[in-house]
Amino acid sequence: MTLPDPLFSTNKAALAARLKAILPAHCLLLDEEDLRPYECDGLTAYRELPMAVCLPENEAQVVDVLRTCHHLGVPVVARGAGTGLSGGAMPHAHGVVLSLARLNNVLRVDRVARLAVVQPGVRNLAVSEAAAPFGLYYAPDPSSQIACTLGGNVAENSGGVHCLKYGLTVPNVLRLRVVSIEGEIFEIGSEAPDAPGYDLLALLIGSEGMLGVVTEVTVKLVPKPELAQVVMASFADVSQAGDAVAAIIAAGIIPAGLEMMDKAATAAVEPYVNAGYDLSAAAILLCESDGTQEEVAEEISRVTAVLIAAGANGIKVSQSEAERVRFWAGRKAAFPAIGRITPDYYCMDGTIPRRRLAEMLAAITVMESKYRLRCANVFHAGDGNLHPLIMYDASKSGEWERAEAFGAEILELSVALGGSITGEHGVGIEKINQMCVQYKTPELETFHRIKAAFDETGLLNPGKAVPSLHRCAEYGRMHVHGGETKFPELERFDALSRRCRLRTKRALHHC
């Protein structure tokens, strides 16, 4: 999928010459064979070759690359480990991929302040490994934590199975060191509990590389709990499992983790991991409690009572750390397990109010028949974050198109149910049309103003996350309901879009 834009048309030879002047030969990839591994991220359905890949080894080289690209008007797509699932790191055909993989040092672990300072290429799990000797760890734990990097986590505001209690990336980051598209270095946030002024730290986290390139991250560390146990509950009905999730939260219980898997997911996972899941259940819930022994015992008792009242027909509590890890290993291996039983799968990422989980699951079952495709469901159920895994075969004509439409319908239903089109995977290119459903004109205008404040020329990750106003107008025209589009302000969209494009052209001409 090419991101068309006639504004970006720098000659590759000229670009290569400038990059060779600022980077060592081993830090620059220009040949097609070397570029091919960077053509996509974890969303492999969309691919594009960049003109070059830069692999800087220090912040000074990052600055030089960005200054050069800004001067030449060349788009820049920052990249971590490439584990993202929304196409956020897919290259631009006329641009440069800026890989931060070689900035991979843990710079400091402060056990007194309970923080770590790391470079963006440090793996998520490596932060906890570095902090382990001090009895500390980094709480956000995406399923890809053995590979994904902190820079990528910051870009996408990643979560994980323990985000219900400990939060996504946002509340776990204290400070960022960032380089602008002009090559200027600035710091946002503080190691102190708070910093004066606007909360730009939260703005940068989850901005998908569109506002700046992160070169250093300061994260919070938390003490390892004395004890953690998992309750595994089986349900004969998926709706009962969904209602049980809402009941747990309504009871005032905030578990360390609360995950759900339907029968299709457990059937795929169990032969792969041998986690001990009940394969006869329509759905299972994994609910973890952590803290002191007394706290855990009290919470496990309360959770068990709620689950029984909600209709659970089987409950098992982990009796050792090894068993707890095994229960979670199945959930964290859900994606590769599905990959073993289908040629291709499409992982979605919507979020809905917890009370609507059962309603969404029933709707997905109907969609399976509508699109003639199977779907396994895994959820960060505690915060309503859905991960439907739509199974298809890209070699069969029309299956990818049906899978894409299936996913779009899930996302748009998420909005209709009072939720969001993403919980932790970001928008990238995957959900950019659905951004037009999520937000109205004034909100999109604000997003574009923020983008222009940080990146007036639009060179950082163009075509991602925030749709152009013109794109939303076109998407609105294609989705007519009862004679009216979803976007009644089409003329205003078009006018604003024209002004936006003219400003970008003038800015590039000035460069």
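The values are calculated or read from the model by the stated rules, or taken from the named source; none is laboratory data. What you see is a predicted model, and the numbers here were worked out from it, not measured in a lab. Neighbour counts run over all protein chains shown; Cβ positions are idealised from the backbone, glycine included.
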Next item on the list: Select from region 340-395 the residues that are in a loop (DSSP other than H, G, I, E, B) and under 20 Å from the mean Cα position of the chain (by Cα) and write down the one among them that is nearest to L286 (Cα to Cα).
Entry: G384
Item checked: Qualifying residues in region 2-29 (those that are at pLDDT 95 or above and among the basic types (K, R)) - the one farthest from L460 (Cα to Cα) -> K20
Notebook entry, point to check: Which residues, counting only those in region 384-398, are in contact (Cβ under 8 Å) with a residue 12 or more places away in the chain and either crowded, with 20+ Cβ neighbours inside 10 Å or of a type in the set (S, T, N, Q) (or both)?
Noted result: G384, N385, L386, H387, P388, L389, I390, M391, Y392, S395
Next item on the list: Please indicate, with yes or no, whether at least one residue in region 367-378 is out of contact with any Asp or Glu (no Cβ under 8 Å at 6 or more places or on another chain), surrounded by fewer than 20 Cβ atoms within 10 Å (Cβ to Cβ), without any contact (Cβ under 8 Å) to a residue 12 or more places away in the chain and within 24 Å of V161 (Cβ to Cβ).
Entry: no
Next item on the list: Would you tally the residues in region 206-232 being in contact with a Lys or Arg (Cβ under 8 Å, 6 or more places away or on another chain), assigned to a strand (DSSP E or B) and more than 30 Å from R67 (Cα to Cα)?
Entry: 8
Notebook entry, point to check: Do the conditions hold for V230, that is, is it under 26 Å from the mean Cα position of the chain (by Cα), crowded, with 17+ Cβ neighbours inside 10 Å and free of Cβ contacts under 8 Å to residues at least 40 places away in the same chain?
Noted result: no
Notebook entry, point to check: Exactly one of (1) hydrophobic (A, V, I, L, M, F, W, C); (2) modelled with pLDDT of 95 or more; (3) more than 24 Å from the chain's Cα centre (by Cα) is unmet by A256. Its number?
Noted result: (3)
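Condition check ((1) on the phi > 0 side of the Ramachandran plot; (2) among the hydrophobic types (A, V, I, L, M, F, W, C); (3) crowded, with 16+ Cβ neighbours inside 10 Å) across all residues:
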position: A256; (1), (2), (3): no, yes, yes
position: E259; (1), (2), (3): no, no, yes
position: A264; (1), (2), (3): no, yes, yes
position: E270; (1), (2), (3): no, no, yes
position: G276; (1), (2), (3): yes, no, no
position: L279; (1), (2), (3): no, yes, no
position: V296; (1), (2), (3): no, yes, yes
position: I300; (1), (2), (3): no, yes, yes
position: K316; (1), (2), (3): no, no, yes
Notebook entry, point to check: If you scan region 228-253, which residues turn out to be farther than 18 Å from L164 by Cβ and modelled with pLDDT of 95 or more?
Noted result: S234, F235, A236
Note to self: Any residue at all in region 434-446 that's under 23 Å from R331 (Cα atoms) and not hydroxyl-bearing (S, T, Y)?
What the structure shows: no
Check: Does V325 fit the bill of being free of Cβ contacts under 8 Å to residues at least 12 places away in the same chain and β-branched (V, I, T)?
Finding: yes
Note to self: Residue under question is G423, and the condition is that it be modelled with pLDDT of 95 or more, surrounded by 21 or more Cβ atoms within 10 Å (Cβ to Cβ), outside any helix (DSSP H, G or I) and of a type in the set (G, A, S); does it hold?
What the structure shows: no
